[in-house]
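Asker: Just dropping this structure here.
The values are calculated or read from the model by the stated rules, or taken from the named source; none is laboratory data. Everything numeric in this text was worked out from a predicted model, so none of it was measured. Here the Cβ positions follow ideal geometry from the backbone for every residue, glycine too, while neighbour counts run over all protein chains shown. The accessibility values were calculated without ligands, DNA or RNA, using every heavy atom of the protein model including side chains. Shrake-Rupley method; radii C 1.70, N 1.55, O 1.52, S 1.80 Å.
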Amino acid sequence: NITWTAQAIDFSQSLDRKYNESPFAITATASSGLGLIYNSSNTSVASFTGSTLTFHALGTSGITLRQLGNSTYAPAKYIKTLTVSKGNQTITFGPLTSKTYGDADFDLTATATSGLNVSFSSSNTAIATVTGNTVHITGGGTTTITALQPGNAWWNPAADVPQTVIVGKVDQTI
């Protein structure tokens with residue numbers, strides 16, 4: 001007659017996750033101190049390497065943690081639902097230097113943490129126009145160049161990042 005001691009799995013982490021949080025380490029323990037086995041029921045959404053989940057798509061998956069027990073402890077199992085939703089992203093777009101009417105076209109550089117392409121717009125095309133990532137000065141004054149990333153099926157839109165450009169007029173000698 002074998003009498004096993006019951007054990008519990010402590011797994012209090014939230015599994016409501018954003019796509020940008022991948023990879024994600026599971027922190028759970030068995031009261032016995034014995035090691036856990038990790039499983040994802042939907043490996044098209046997330047899969048394990050050891051105790052680390054990597055997200056592959058948006059959606060849900062049943063996450064099962066098992067401790068198989070031994071001669072002292074009974075087996076234990078804990079199941080939670082992982083929900084992977086669109087990731088959040090931000091744009092890095094540094095300040096722009098002042099320009100003078102007649103200056104050569106210049107390129108803009110900005111990156112999104114998602115790796116998606118960033119686009120640009122000018123608030124006043126009488127001062128500067130933007131084609132792709134190239135700015136062409138069209139007059140003197142002030143305009144705001146805004147970096148935008150609208151997101152996609154896996155990423156939420158990033159907050160727009162505006163930068164002001166002051167374009168001085170060329171001094172004239174009569």
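Asker: Can you name the number of the only condition in (1) more than 12 Å from L82 (Cα to Cα); (2) buried (at least 17 other Cβ atoms within 10 Å of the Cβ); (3) out of contact with any Leu (no Cβ under 9 Å at 6 or more places or on another chain) that G50 fails?
Answerer: (2)
Asker: Which of the residues that make up the range 89-100 are more than 22 Å from A159 (Cα to Cα) and either surrounded by 15 or more Cβ atoms within 10 Å (Cβ to Cβ) or of a type in the set (A, V, I, L, M) (or both)?
Answerer: Hit for the range 89-100 is K99, nothing else.
Asker: For the structure I just gave you, tell me whether N152 is closer than 30 Å to L15 by Cβ, out of contact with any Asp or Glu (no Cβ under 7 Å at 6 or more places or on another chain) and exposed (fewer than 15 other Cβ atoms within 10 Å of the Cβ).
Answerer: Answer is yes for this residue.
Asker: Something else: Going residue by residue through the range 9-19, is there one that turns out to be over 25 Å from the mean Cα position of the chain (by Cα) and within 22 Å of P150 (Cβ to Cβ)? Please lay out each step first, then the result.
Answerer: Kept after step one, since they are over 25 Å from the mean Cα position of the chain (by Cα), are these residues of the range 9-19: 9-10.
Then drop every residue that is not within 22 Å of P150 (Cβ to Cβ), which leaves none.
The answer is no, given that none of the residues of the range 9-19 is over 25 Å from the mean Cα position of the chain (by Cα) and within 22 Å of P150 (Cβ to Cβ).
Asker: So which residues in the range 101-115 are under 22 Å from E21 (Cα atoms) and crowded, with 17+ Cβ neighbours inside 10 Å? If you could, list the steps in order and put the result at the bottom.
Answerer: Quick first cut of the range 101-115, residues under 22 Å from E21 (Cα atoms) only: 110-115.
Listed by number, the residues that qualify are A110, A112, S114.
Asker: Separate question: So, in the range 122-131, how many residues would count as being touching a residue at least 12 places away in the same chain (Cβ under 8 Å) and closer than 11 Å to L108 by Cα?
Answerer: Filtering the range 122-131 for residues touching a residue at least 12 places away in the same chain (Cβ under 8 Å) gives 122-128, 130.
Right, trim to closer than 11 Å to L108 by Cα and you get 130.
Result for the range 122-131: 1.
Asker: Another question, then. Do we have any residue at all in the range 12-21 that's open to solvent by 40 Å² or more (accessible area, probe 1.4 Å), among the charged types (D, E, K, R), within 29 Å of A158 (Cβ to Cβ) and in a helix (DSSP H, G or I)?
Answerer: For the range 12-21, residues open to solvent by 40 Å² or more (accessible area, probe 1.4 Å), among the charged types (D, E, K, R), within 29 Å of A158 (Cβ to Cβ) and in a helix (DSSP H, G or I): present.
Asker: Okay, moving on. Inside the range 155-171, can you point out the residues that are among the polar types (S, T, N, Q), over 13 Å from the mean Cα position of the chain (by Cα) and surrounded by 14 or more Cβ atoms within 10 Å (Cβ to Cβ)?
Answerer: Q163
Asker: Can you tell me which residue is least open to solvent (accessible area, probe 1.4 Å) among those in the range 136-148 that are farther than 10 Å from V167 by Cβ and touching a Ser or Thr at 6+ places or on another chain (Cβ under 7 Å)?
Answerer: For the range 136-148, the residue satisfying everything is I145.
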